[in-house]
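Following: one structure in structure tokens, then a few remarks.
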Amino acid sequence: MMTEPTVAKSNLDGWLVIDKPAGPSSAKVVRSIKRLACGRKVGHGGTLDPLATGVLPIAIGEATKTVAYAMEGRKSYRFTTTWGEARETDDCEGEISETSPVRPSKSAIQAALPEFTGEINQVPPAYSAIKVAGKRAYALARRGKEVTLVPRKIWIEKLELVEFQPGSAIFEVTCGKGTYIRALARDLAKRLGTVGHVSQLRRTAVGPFNEKVAISLDIMETLVHSARLAEQVLPVDTALADIPALELTEYDALRLRSGQTIAVNGTDCETIRVTTGKRLVALAKIRTGHLRSLRVFNL
């Protein structure tokens, strides 16, 4: 009986960046990789809608302990907004819910963009995973229930118009955690006196992960069969690049791993990356001259 190829367990602690195609969900991509990962834990650094393509960082093994830090990072997208049609889902997968003959001019679009940068309020789409009275909003919306979501503060670092056509426009955006690009397109269309939806969406970066290091699912399958997939796995601490580091001796690293506190010189710090010999040991905090572990890594 032929068995599915796998990669050596010791080589699979780290991040694998997938260039997700349109169609499969993020969860489906995770399941595909989990089958190849020798039973290691697998997670992802930020959900992409099935419609969306692009950067999907996959955490394997000990890297799953750093997923929260990856999700906090800035995200960049390239998206197309089609004017004149609102959709129930705010993207092209939903039914048309409203139409408008208005097609905004290039100058009108550019004039409106500053209103959508910095800290702004955004109402998430009704078709989202946010919970309402214990139920997912999208589940309620699919059953025809009215979904009322409260505005949330989000951060838009940059929003630029990169291509204009009479019926659509292509934008590039860099934003913080919790931003819905579908809602951004919906609200921009409303500001321009029309309606609109996202017809194409591609994520180009998540924190330190970008398109340059992403591989397609097809290439991933090829690398698995040639036992070279581990060459594409980035270090566990890739997602921790913005966290200050502290080097310990092997002896003190062992003590920290065993739950002991270590006397150190330095100011108080909520989160610090502890290493020894360039190997990640733990995430820790410093309080009144003492280092205490928050999360230990078995690398």
## Note on the structure
Restricting to Cα pairs under 8 Å and 6 or more apart, the percent relative contact order of the chain works out to 21
### Summary
Residue separation between Lys34 and Arg136 times 0.36 nm, minus their alpha-carbon distance, gives in nm 34.2 nm
### Query
Could you name the aspartates and glutamates in cross-link range of Lys177, using Cα to Cα under 17 Å and dropping any fewer than eight places away on the same chain?
Asp49, Glu72, Glu119, Glu157, Asp242
### Message
Only Cα pairs within less than 10 Å get springs; with that Gaussian network setup on the chain, which residue of Tyr69, Tyr138, Tyr77 has the largest fluctuation?
### Response
Tyr138
### Query
So what J values fall out for the stretch 198-209 if you push phi through Karplus, 6.51 cos²θ - 1.76 cosθ + 1.60 with θ = phi - 60°, rounded to Hz, Gly and Pro as x?
7, 9, 8, 8, 9, 8, 9, 6, 9, x, x, 8
### Task
Could you pull out every residue, at least 5 positions away or on a different chain, whose amide H is within less than 5 Å of the one on Lys41? Hs are placed 1.01 Å off N in the peptide plane, and Pro or chain starts have none.
Gly61
### Query
Residues with amide H under 5 Å of Val132's amide H, sequence separation 5 or more or different chain, H placed in the peptide plane at 1.01 Å from N; which?
Ala137
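Could you rank the peptides 270-280, 85-95, 177-187 by their average count of other C-beta atoms within 10 Å per residue, with the highest value first?
177-187, 85-95, 270-280
List, in the order given, every pair from Lys75/Lys131; Lys20/Lys212; Lys75/Lys153 whose Cα-Cα distance in the structure shown is over 20 Å.
Working: Lys75/Lys131 23 Å; Lys20/Lys212 14 Å; Lys75/Lys153 16 Å.
Where the Cα-Cα span goes over 20 Å, the pairs concerned are Lys75/Lys131.
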### Message
Can you show me the helix-derived [θ] at 222 nm for the chain, built from DSSP H runs with n ≥ 4 at -39,500 (n - 2.57) apiece and divided by the number of residues, rounded to the nearest 500.
### Response
-5000 deg cm²/dmol
### Summary
Once phi for every residue in the stretch 15-32 is put through the Karplus expression 6.51 cos²θ - 1.76 cosθ + 1.60 (θ = phi - 60°), the whole-Hz ³J(HN,Hα) values, with Gly and Pro written as x, are 10, 10, 9, 9, 8, 5, x, 5, x, x, 7, 4, 4, 5, 4, 4, 4, 4
### Summary
For the chain, the Cα gyration tensor yields equivalent-ellipsoid semi-axes (√(5λ), largest first, whole Å) of 40, 24, 18
## Note on the structure
Looking only at lysines whose Cα falls under 23 Å of Lys106's and that sit 8 or more positions away or on another chain, we get Lys158, Lys190
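Is there a quick way to get the dipole size of the chain? I mean about its Cα centre, with the Cβ of Lys and Arg at +1 and of Asp and Glu at -1; what is the value in debye to the nearest 20? Could the numbers behind the result be given before it?
Numbers: 42 positive and 32 negative charges, 178 e Å.
The dipole magnitude comes to about 860 debye.
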#### Entry: Using θ = phi - 60° and Karplus 6.51 cos²θ - 1.76 cosθ + 1.60, couplings along the stretch 154-161 (whole Hz; Gly, Pro as x)
10, 10, 10, 6, 8, 9, 10, 7
### Message
With the crude spin-label approximation of a point 7 Å out along Cα→Cβ, what separation in nm comes out for Val123 versus Leu161?
### Response
2.5
### Query
Can you work out the FRET efficiency for the pair Lys106 and Arg228, with r the C-beta to C-beta distance and R0 = 45 Å, to the nearest 0.05?
0.45
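Could you put Arg143, Arg287, Arg103 in order, starting from the residue whose Cβ has the fewest other Cβ atoms within 10 Å? Mind showing how you got there, number by number?
On the way: Arg143 8, Arg287 12, Arg103 17.
In order of increasing Cβ crowding within 10 Å: Arg143, Arg287, Arg103.
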### Task
Calculate how many DSSP beta bridges within the stretch 243-296 are antiparallel, expressed in % of all such bridges and rounded to the nearest 5.
80
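All of the numbers you see were taken from the coordinates with simple rules; none came from a lab. This is a predicted model, so every value here is computed, not measured. Cβ: placed from backbone, ideal geometry, glycine included. Neighbour counts: every protein chain shown.
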